[in-house]
Structure formats: structure tokens, C-alpha cells
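Bear in mind that the values in this text are calculations on the coordinates, not laboratory data. It should be emphasised that the depicted structure is a prediction, and the values quoted were computed from it without experimental measurement. Heads up, the Cβs are rebuilt from the backbone with ideal geometry, glycines too, and the neighbour counts pull from every protein chain shown.
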Amino acid sequence: MLLISCPYCGVERPEIEFRHAGEAHIARPAEPSKLTDEEWAEYLYMRTNPKGLMAERWRHTHGCGRFFNAIRDTVSDKFVTVYKMGEAKPDLDQLLVEAAQ
Amino acid sequence: MPEKSVYSANADLAPIIATSRVRVAEAAPLIRFSLRGGEAAASHAGTAVGVSLPLEPLTSIATDKVAAFWLGPDEWNLVIQDDDARAMFERVETALADTPHSLVDVSDRNRALIISGRKAAWLLNSQVFLDFDEASFPVGMVTRTLFGKAEIMLWRQAEDTFVIEAWRSFMPYVIELLQEASRELEAA
Ligand SMILES: [Zn+2]
């Protein structure tokens with residue numbers, strides 16, 4: 001079973017306690033009424049979908065209940081790091097360099 | 001941890017499981033409040049109920065009349081032994097009057113089981129995928145987690161004593177799975 005660590009609880013827990021909640025760091029436009037349909041569709045539906053490291057929102061649903069962010073490798077399913085809401089997105093290129101070392 | 005706990009077996013009910021190695025009993029009714037809010041709310045509520053609410057993740061503070069369980073960074077479960085739920089609720093609500101918070105009486109939402117005995121952790125591990133070694137799950141630790149598919153709150157009251165709280169509609173499912181695991185334990 002995949003273990004995921006929660007930055008709020010500070011422990012690793014089985015993945016069944018968690019829910020995936022889409023790509024992280026997507027800011028809702030401040031004034032949706034001023035956007036074109038294409039811009040709104042871009043915000044609603046278009047996602048990075050990379051092969052490799054991705055910043056995602058996760059929620060510790062059956063634990064502390066908190067949303068947090070995680071960097072996960074979409075190829076290996078490995079969680080590289082997790083961080084609390086509001087904290088800056090790590091530099092993915094830097095993480096790749098560190099992972100290679 | 002006090003020998004006497006806010007949780008005591010309901011004397012009117014027969015034990016759910018009673019073997020030489022593990023015992024499961026339904027807990028007597030209790031007052032339960034769900035508190036959401038910041039550290040200021042926690043501090044005021046603590047003064048009102050008589051224990052300081054735990055701020056460290058996964059920890060609890062308990063006397064034989066009150067237990068406060070950390071469930072999340074802004075969420076606590078307060079379990080209280082008292083005859084007058086309404087007066088107790090008013091007391092906490094009054095203490096929190098000037099502090100942003102949410103306080104909900106959830107006394108009847110949950111039922112609680114007391115699981116004790118040498119094989120208590122073994123029994124729980126039939127459905128709970130946590131490591132109950134005392135280094136990783138010490139006495140006093142509390143967590144929300146899954147028991148099979150039912151969400152529970154799990155507290156280690158003493159080395160060989162655990163308390164499960166679950167929504168009452170989930171409790172027959174939890175109880176029957178515990179009984180099934182205990183039959184396996186007896187057969188082993
Ligand atoms: Zn958590």
C-alpha cells in the first residue's frame with residue numbers, strides 16, 4: 001500500500017485515508033465576468049498533465065481533514081515532497097537535480 | 001493516563017466480546033462537542049471544560065471527567081461526563097462568545113467502544129492499517145482513520161486499552177467485523 005505523509009499530522013498514512021484533488025496552484029481569476037469564454041475554459045479545464053513531477057492538491061480526508069500540496073511523479077507514483085497550503089511551490093527542476101544525485 | 005477514564009463500560013449492556021485475550025464493551029452515553037476554531041477558541045473552550053485543549057497533532061488530554069482530542073489543526077472532539085448537556089453547551093458557548101468558532105453538540109451522533117486486553121491491538125489491526133507499536137502509536141495518541149470502510153476516531157487510552165468512536169449508523173458494521181476477527185483469534 002502506498003504511504004503518503006501529511007504535513008499537518010506529521011506522519012505517514014495509508015493512501016486510503018487521502019483523496020486526490022487536482023492540480024495545485026491554479027488561482028481562480030479575480031473577475032470571471034471580464035474573461036472571454038476561452039480564458040474561462042482555460043481556467044476550468046486545461047491542466048498541465050505532465051509525464052514526471054507534478055504539483056497536486058491532496059486532502060487528508062479520513063485524518064485531519066486538511067488540504068495540502070504534494071509533488072508527485074506521475075510515472076512512478078512516488079511522492080517527492082509535501083507542503084502546507086500557502087507555502088511556495090518548490091522548484092521542480094531543483095527537485096529533479098536532487099533526485100538524480 | 002488515569003486508570004479511571006471518561007469512557008466507562010455501559011453496565012446495562014452485555015459485553016460485545018469477552019474472551020481471555022480481548023474484551024470489547026459499549027461505552028456509557030457521554031456528551032460530545034465538535035469544536036472548530038483557532039488557538040484562541042481552543043484556549044477559551046479549554047477553560048470552560050476544565051482541560052487545556054491539545055495543540056500538538058494527534059494528541060489528547062484526558063481526566064476521568066473530560067477528554068479533549070486533537071482531530072485537525074482547527075478541530076477538536078470534546079468528550080465530557082456530565083448530566084446536563086444543555087448547561088455544559090451554554091457554558092462553552094458563553095466562553096467562546098467573542099471568538100470566531102463553531103461548536104456543535106454531536107453527543108448522539110457517535111457510539112463508542114472500549115477495546116481492552118492483551119490482543120486489543122491485534123484485533124484492531126484486522127481492519128485498521130496503523131502500526132500500534134508504542135514507538136509510533138504511544139498511549140494518549142488519537143487519530144481519525146478508517147476501520148475497513150467506516151471512518152472512526154481511535155484513541156489509545158492505555159497500553160492495552162483503545163477507544164473507538166464511530167457514527168452510530170456505522171457501528172453495527174464495526175462491531176460485526178470485530179466479532180469476526182475475535183472468532184479468528186479464538187480459533188488460532
Ligand atoms: Zn493530516
By the Cα gyration tensor axes a ≥ b ≥ c (a/c under 1.5 gives rounded; else a/b larger than b/c gives prolate, otherwise oblate), the shape of chain B is prolate
Local electrostatic count, B:L103, Cβ distance below 9 Å [Lys/Arg +1, Asp/Glu -1]: -1
Neighbour-count order for B:M171, A:M85, fewest beta carbons within 10 angstrom listed first: A:M85, B:M171
Over chain B, the sum of -39500 (n - 2.57) across DSSP H runs of at least four, divided by residue number and rounded to 500 deg cm²/dmol, gives at 222 nm -7000 deg cm²/dmol
B:W70, B:W167 arranged by Cβ crowding within 10 Å, fewest neighbours leading: B:W167, B:W70
I'd like to verify something in chain B: which complete DSSP H helices, judged by Cα projection on the helix axis, reach 18 Å or more and average at least 1.6 on the Kyte-Doolittle scale? none
Scoring only Lys, Arg, Asp and Glu (+1, +1, -1, -1) among other residues with Cβ under 13 Å from the Cβ of A:E17 yields +3
Grab the other residues whose beta carbon is less than 13 angstrom from that of A:G86, score K and R as +1, D and E as -1, and report the net. +3
For a quick check: sort A:Y45, B:Y173, A:Y8 by the number of other beta carbons within 10 angstrom, fewest at the front. A:Y45, B:Y173, A:Y8
When chain A is modelled as a GNM with alpha-carbon springs shorter than 10 Å, which of A:T81, A:T61, A:T36 fluctuates the most? A:T36
Tell me the mean residue ellipticity at 222 nm calculated for chain A from its helices only (DSSP H runs of n ≥ 4, each -39500 (n - 2.57), averaged over every residue, nearest 500). -5000 deg cm²/dmol
Which lysines have a Cα less than 29 Å from the Cα of B:K119, not counting those fewer than 8 places away in the same chain? B:K4, B:K65, B:K149
